[in-house]
1. What is the one condition in (1) in contact (Cβ under 8 Å) with a residue 24 or more places away in the chain; (2) more than 16 Å from the ligand (Cβ to nearest atom); (3) surrounded by fewer than 18 Cβ atoms within 10 Å (Cβ to Cβ); (4) not in a helix (DSSP H, G or I) that residue 148 does not satisfy?
2. If a residue must be within 25 Å of residue 31 (Cβ to Cβ) and touching a helix residue (DSSP H, G or I) at 6+ places or on another chain (Cβ under 9 Å), how many such residues does the stretch 255-275 contain?
3. Would you say residue 183 is buried (at least 16 other Cβ atoms within 10 Å of the Cβ), at pLDDT 95 or above and either near the ligand (Cβ under 10 Å from one of its atoms) or not in a helix (DSSP H, G or I) (or both)?
4. Please tell me if residue 206 is away from the ligand (no atom under 15 Å from the Cβ), assigned to a helix (DSSP H, G or I) and surrounded by fewer than 21 Cβ atoms within 10 Å (Cβ to Cβ).
5. Do we have residue 238 as touching a residue at least 12 places away in the same chain (Cβ under 8 Å) and touching a helix residue (DSSP H, G or I) at 6+ places or on another chain (Cβ under 8 Å) here?
6. From (1) within 24 Å of residue 334 (Cβ to Cβ); (2) more than 16 Å from the ligand (Cβ to nearest atom), pick out the condition that doesn't hold for residue 249.
7. So which residues in the stretch 255-309 are loosely packed, with under 14 Cβ neighbours inside 10 Å and on the phi > 0 side of the Ramachandran plot?
8. Tell me, please, whether a residue that is outside any helix (DSSP H, G or I), within 8 Å of the ligand (Cβ to nearest atom) and at pLDDT 95 or above can be found in the stretch 236-243.
Ligand code: SDX
């Protein structure tokens, strides 16, 4: 027994790996990062404190926090030649396509003569990734709209600096709105880590071969992009826009139940949570807070989301299957309200999840007996048979 919770040793022996980073109880809707409940972290700390927590095992004191912030800030710029890498992409490339390519290419700039088995080298890599992902994400956006890249401003907060690089231009400063800055930082926290999800497992599996951390992060970005995973936030907002008005909700609920139709309600359901996703609770409350503080009154998409959740939660199809809103259900509405374009939603998820990915990569490389991942299979193909000469084959 582990004090707060007990686990069945049988479960641990069948689990894919052991980790000290994040604990999820899907039945109870519990999410802990190094023992701290997500709702407390999201409302009482900031993203860089959570990065420190995930990497070091506990929250920083004031001195540790100041030092960590300074070290991250030191690495916010990217190598000048990376700018020309962006120019190889078509202007209308999806920003996630750009991020997949650029993340892997970072190996060529930052991994030379680094040793993945040296703890200091691993920590330097983590600092570089935490610092550079917002810069690269903003560059992907700027490139897609044909505006010049904006350099980081190290006197701004982590979220404030990202907003500056996204929305400032050489002709006009971006004045950071504290409401938007806090909402974005909270969204980063809510996406920071989530145990062995598909993209984190992709990072671990890639890393288990000894691949360099940037190549592994690229694997994580690729996996996250899928609409069943991190791509759901973009798909969810597009679905809510497609529904458009509250009176069209029953039509989409019926589509989701129609077995012949592969349509699924984006932002609903989860592999592990068979109760409410605790992140969705915080996200929903933040959504209402932000719209109120930004004085956004009638937000049709929010009305559709609130009514869709209400109907789904009283519908036996969803109750039987334990389908509740997940982290992606309300996040898109907040991002939309603070001016983030829809095709950047999953990039925001990747930016925030990078700390989780690299912390799991470090934890795996710290294990003395870490071995290459090699999932097995249940073979259901042809039995053994002999090759026949080509002119004798049907
Ligand atoms: C994330 O793993 C993580 O931790 C991921 C994540 C993280 O932080 O890393 O939490 C982030 O990826 C959240 C999930 C975002 N994805 C979506 O919102 C996409 C929509 N959701 C579904 O695709 C689905 O719910 C999954 C993929 C999230 C989970 O799928 P499961 O648990 O494998 O469920 P299932 O496919 O076995 O479905 C069980 C039943 C099926 O019906 P029956 O065949 O039993 O009749 O529930 C139905 C499904 O058809 N169902 C849905 C549904 N999700 C499942 N029906 C309608 N709408 C949905 N969204």
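The values are calculated or read from the model by the stated rules, or taken from the named source; none is laboratory data. Because the structure is predicted, anything quoted here is derived from the model rather than measured. Because the Cβ atoms are built from the backbone with ideal geometry, glycine has one as well, and the counts that use them run over all protein chains shown.
1. Evaluating residue 148 over (1) in contact (Cβ under 8 Å) with a residue 24 or more places away in the chain; (2) more than 16 Å from the ligand (Cβ to nearest atom); (3) surrounded by fewer than 18 Cβ atoms within 10 Å (Cβ to Cβ); (4) not in a helix (DSSP H, G or I) leaves (1) as the failure.
2. Residues in the stretch 255-275 being within 25 Å of residue 31 (Cβ to Cβ) and touching a helix residue (DSSP H, G or I) at 6+ places or on another chain (Cβ under 9 Å): 9 in total.
3. no
4. no
5. When the stated conditions are applied, residue 238 passes them.
6. (2)
7. 295 - this is the single residue of the stretch 255-309 that is loosely packed, with under 14 Cβ neighbours inside 10 Å and on the phi > 0 side of the Ramachandran plot.
8. no
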